[in-house]
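Okay, so here's the structure we're looking at.
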Amino acid sequence: MRVTITGAAGFLGRKVAARLALTGKVGARDITAMTLFDMVEPKPPAGAPFPVTCLSGDIANPADCARAVDRDTGVVVHLAAVVSAQAEADFDLGWRVNLDGTRALLEACRASGARPRVVFTSSVATFSGGQDAVIDDATRPVPGNSYGAQKAAGELLIHDYTRKGYIDGVTLRLPTVVVRPGRPNRAASSFASSILREPFLGEEAFLPVPESFALWIASPRAATDWLVHAAALDGKTLGLDRGINPPGLTVTVRDMMLVLQSVGGHAAMRLISRMEDKEVAAIVGAWPARFSDARAKALGFRAHEGLEALVRAFLEDDLAETKAMRA
Ligand SMILES: NC(=O)c1ccc[n+]([C@@H]2O[C@H](COP(=O)([O-])OP(=O)(O)OC[C@H]3O[C@@H](n4cnc5c(N)ncnc54)[C@H](O)[C@@H]3O)[C@@H](O)[C@H]2O)c1
């Protein structure tokens, strides 16, 4: 079976490709080939026990998508996207990449006749209600920004292409993934990674929200586990509702600062400063932080580790690469 990953040069795309190269399997099925697709040409993961084709192309271009999927494609992990603050700043680009791109990919899947499992990465941003909201498996998405609306629209495409039998889709609504290696990106939630990353590099990080602000987060390890688990789920157990809120972690900024102090000491804490950013606060302020994850747990998604383990995993997995990227 071929596995295709879109957005494969990005943060989670590289993690998922590396994980699958290590195991060589999705569930009980052997991976016999992998296609990595991104606007920027992706690099093959080290030590892959199967051939890897690296393609550069535009997800919103149907001809490019057609090259990424074939008759042998059993799994597509769809990660290519324009992230939240960028999608808010550039309305046309957000809809083109996040919705037209998803549709073009699903059309390529349909044309292939392979009926692949498509794992779509939706987001906490499909919901609103902010700090007071508690989201359960039946909560209706009411997005508070364009990125959330684009992801919610993508979820409906996954639903309908699955219902028609063109794909076998699963949507994972990912929390903010923290700590992101490398440099700050254009996600509105970028500060959540910055405050746990920059101080370990001896650099200053800015906090655009108060310490009491709560967020729903996940580690890269947990997000990767969930994406791989979603790729292997039995579609029959899901029924018509293909959207899943995974078991993320609810933390306040203060919780994050306490862990920063316990792992990095006072020197790390001193590198955090408050800086108001009304645009960022408006976007992330709409995102809920409290979720019930009963369905995800019943479907076997692994529970999240604690916050300190998340920070130590960043130091173990990604600090060296982050330093190298900035050298
Ligand atoms: N990281 C998070 O905190 C988080 C949270 C919720 C949802 N998500 C979703 O998960 C997915 C992966 O996130 P990530 O953090 O790895 O993002 P990322 O920005 O690191 O990677 C996205 C990749 O998509 C590629 N891309 C953008 N436009 C493209 C186009 N027109 N054609 C082809 N490729 C294009 C980019 O080059 C990039 O490599 C995204 O869909 C994102 O919306 C991420």
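The values are calculated or read from the model by the stated rules, or taken from the named source; none is laboratory data. Just so we're clear, the structure is a prediction, and the values are computed from it rather than from any experiment. Virtual Cβ from ideal backbone geometry, glycine too; neighbours counted across all protein chains shown.
Restricting to segment 43-73, name every residue that is outside any loop (DSSP other than H, G, I, E, B) and of a type in the set (A, V, I, L, M, F, W, C).
At the first step, the residues of segment 43-73 found to be outside any loop (DSSP other than H, G, I, E, B) are 52-56, 62-68, 73.
Result: 52, 54, 55, 63, 65, 66, 68.
So which pairs qualify, if the first residue must be in segment 23-49 and closer than 16 Å to residue 65 by Cβ, the second must be among the acidic types (Asp, Glu), the Cβ gap must be under 8 Å, and the two must be at least 6 apart or on different chains?
37/64; 39/58
It is to be established whether one or more residues within segment 258-275 are assigned by TED's automatic domain parsing to the domain that holds residue 29, surrounded by 13 or more Cβ atoms within 10 Å (Cβ to Cβ) and not in a helix (DSSP H, G or I). Give the steps one after another, and end with the answer.
Pass one, segment 258-275, residues assigned by TED's automatic domain parsing to the domain that holds residue 29: none.
The answer is no, given that none of the residues of segment 258-275 is assigned by TED's automatic domain parsing to the domain that holds residue 29, surrounded by 13 or more Cβ atoms within 10 Å (Cβ to Cβ) and not in a helix (DSSP H, G or I).
Among the residues of segment 182-196, write down those that are out of contact with any Leu (no Cβ under 8 Å at 6 or more places or on another chain) and touching a residue at least 24 places away in the same chain (Cβ under 8 Å). Break it down stepwise before answering.
Residues of segment 182-196 that are out of contact with any Leu (no Cβ under 8 Å at 6 or more places or on another chain), as a first pass: 182-188, 190, 193-194.
Result: 182, 183, 185, 186, 187, 188, 190.
If you scan segment 73-122, which residues turn out to be modelled with pLDDT of 95 or more, among the polar types (S, T, N, Q) and within 13 Å of the ligand (Cβ to nearest atom)? Before the answer, list the steps.
Taking segment 73-122 first, the residues modelled with pLDDT of 95 or more are 73-82, 90-122.
Okay, now just the ones that are also among the polar types (S, T, N, Q), so 73, 98, 102, 112, 121-122.
If the condition is that a residue be modelled with pLDDT of 95 or more, among the polar types (S, T, N, Q) and within 13 Å of the ligand (Cβ to nearest atom), then 98, 102, 121, 122 are the ones that fit.
Test of understanding: among 207, 233, 196, which residue is outside the structural domain of residue 132 (by TED's automatic domain parsing) and modelled with pLDDT of 95 or more? Full working, then the answer.
On the way: 207 fails: modelled with pLDDT of 95 or more; 233 fails: outside the structural domain of residue 132 (by TED's automatic domain parsing).
After applying the criteria, what remains is 196.
With the structure loaded, tell me whether residue 179 is at pLDDT 95 or above and outside the structural domain of residue 230 (by TED's automatic domain parsing) or whether it fails that test. Working first, answer last.
Working: at pLDDT 95 or above: yes; outside the structural domain of residue 230 (by TED's automatic domain parsing): yes.
For residue 179, the condition - at pLDDT 95 or above and outside the structural domain of residue 230 (by TED's automatic domain parsing) - is met.
Looking at (1) in contact with a helix residue (DSSP H, G or I) (Cβ under 9 Å, 6 or more places away or on another chain); (2) more than 9 Å from the ligand (Cβ to nearest atom), which is the one condition that is false for residue 12?
Going through the list (1) in contact with a helix residue (DSSP H, G or I) (Cβ under 9 Å, 6 or more places away or on another chain); (2) more than 9 Å from the ligand (Cβ to nearest atom), residue 12 breaks only (2).
Which of the residues spanning segment 222-246 are surrounded by fewer than 20 Cβ atoms within 10 Å (Cβ to Cβ), assigned to a helix (DSSP H, G or I) and not polar (S, T, N, Q)?
225, 232, 235, 236
For segment 90-201, give me every one of the helices (runs of 4 or more DSSP H) that falls completely inside it and has 3 or more residues that are over 14 Å from the mean Cα position of the chain (by Cα) and crowded, with 17+ Cβ neighbours inside 10 Å.
Values: elements: 91-95, 101-112, 146-163, 190-197.
The qualifying helices (runs of 4 or more DSSP H) are 101-112, 146-163, 190-197.
Output the residue which, of all residues in segment 276-312 that are out of contact with any strand residue (DSSP E or B) (no Cβ under 9 Å at 6 or more places or on another chain), part of a helix (DSSP H, G or I) and buried (at least 18 other Cβ atoms within 10 Å of the Cβ), is modelled with the highest pLDDT.
Selected residue: 311.
Give me the residue from segment 15-46 that is among the β-branched types (Val, Ile, Thr) and more than 8 Å from the ligand (Cβ to nearest atom) and, out of that set, surrounded by the most Cβ atoms within 10 Å (Cβ to Cβ).
16
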